[in-house]
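Participant: I have a structure here, written as C-alpha cells, and I will follow up with some questions on it.
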Amino acid sequence: MSHQEAEADAMEAAAEEEPDAEGSPDRATLGDLELEGDIAADYVEGLLDIADLDGDIDMDVEGDRAVVSVVGATLNELVGQDGEVLEALQELARLAVHRQTGTRARLMLDIGGYRARKRSELTDYGRGVAEEVARTGQPKTLAPMSPFERKVVHDAVAAAGLRSESEGEEPNRRVVVLPG
C-alpha cells in the first residue's frame, strides 16, 4: 500500500505541477524542454525588470523538465511565505510557455535556491522520521504538506526502508510513516 500511496502522491505532484494532466505531452524532447526553459527564462527576466529586481537567470534540463533558476541578493519577496509567491510565479511562467507553444509545461522555477533547500530539508526530515519510527515501532503522522513535499518525504522514507502513505484531503493531506 505504501508504494501505491507514494505513486498516488507522485501523480498528485505531477498534477500540481501540470495544470491539466490530461493535456500533458507524452515525452518532450530535449529541444522542446530547452525551448520551454528559454521562454520561461525570458518571461521571468521580464518580470524582474518590471519589478526592478536584480537576479541572474540560469536554465537547465533535469530529467523530463526544464528548470529555470533565479539567483541574486534581493529575492526573498519573490519566494514569499512557504514558497507561495514562487508557486504563483512558476504557474505564470508555465502559462507563458503554454501561450507560445500550445503545450503544457512541467517546468520548475527555483528562486534563490529555495526549492533545492526545501528538497534537502524534507529529505533529511523524512529520513529522521523513518529512523524514529524504526526505533520506536510506532507510526507517525506528519503535518499537512503539498504534493511536492509529500513526494519528497515518501521517497526519503522508502530509501530508509520503511513504508509511508498519505491520508486526508487537500489542503490537509499528510504523510503517515509506518513501521517496517
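So that you can scan it fast, the table gives a plain yes or no per residue for (1) surrounded by 19 or more Cβ atoms within 10 Å (Cβ to Cβ); (2) touching a helix residue (DSSP H, G or I) at 6+ places or on another chain (Cβ under 7 Å); (3) among the acidic types (Asp, Glu):
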| residue | (1), (2), (3) |
| --- | --- |
| Gly46 | no, no, no |
| Ile50 | no, no, no |
| Asp58 | no, no, yes |
| Gly63 | no, no, no |
| Ser69 | yes, no, no |
| Val85 | no, yes, no |
| Ala88 | no, no, no |
| Ala93 | yes, yes, no |
| Ala96 | yes, yes, no |
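Participant: Now, a different point. Enumerate the pairs (first residue in region 106-131 and free of Cβ contacts under 8 Å to residues at least 24 places away in the same chain; second residue anywhere and outside any helix (DSSP H, G or I) and surrounded by 14 or more Cβ atoms within 10 Å (Cβ to Cβ)) with beta-carbon separation below 8 Å, excluding pairs fewer than 6 apart on the same chain, so at least 6 apart or on different chains.
Facilitator: Cβ pairs passing all conditions: Ala116/Asp110.
Participant: Turning to a different aspect of this structure: Tell me the strands (runs of 3 or more DSSP E) entirely within region 126-180 that contain at least 1 residues that are exposed (fewer than 14 other Cβ atoms within 10 Å of the Cβ), hydrophobic (A, V, I, L, M, F, W, C) and out of contact with any His (no Cβ under 9 Å at 6 or more places or on another chain).
Facilitator: In region 126-180, 140-144 are the strands (runs of 3 or more DSSP E) which contain 1 or more residues that are exposed (fewer than 14 other Cβ atoms within 10 Å of the Cβ), hydrophobic (A, V, I, L, M, F, W, C) and out of contact with any His (no Cβ under 9 Å at 6 or more places or on another chain).
Participant: Can I ask one more? Working only within region 108-125, note down all residues that are outside any strand (DSSP E or B), at pLDDT below 95 and either surrounded by 13 or more Cβ atoms within 10 Å (Cβ to Cβ) or of a type outside the set (D, E, K, R) (or both).
Facilitator: Residues satisfying the conditions are Gly112, Gly113, Tyr114, Arg115, Ala116, Lys118, Arg119.
Participant: Have a look at Leu107, Leu35, Leu122 and point out the one that is out of contact with any Phe, Trp or Tyr (no Cβ under 7 Å at 6 or more places or on another chain), assigned by TED's automatic domain parsing to the domain that holds His154 and aliphatic (A, V, I, L, M).
Facilitator: Leu122
Participant: It is to be established whether one or more residues within region 125-139 are touching an Asp or Glu at 6+ places or on another chain (Cβ under 7 Å) and of a type outside the set (S, T, N, Q).
Facilitator: Looking for residues that are touching an Asp or Glu at 6+ places or on another chain (Cβ under 7 Å) and of a type outside the set (S, T, N, Q), one finds none in region 125-139, hence no.
The values are calculated or read from the model by the stated rules, or taken from the named source; none is laboratory data. Keep in mind that what you see is a predicted model, and the values were worked out from it rather than measured. For neighbour counting, all protein chains shown are included, and Cβ atoms are generated from backbone atoms with ideal geometry for every residue, glycine included.
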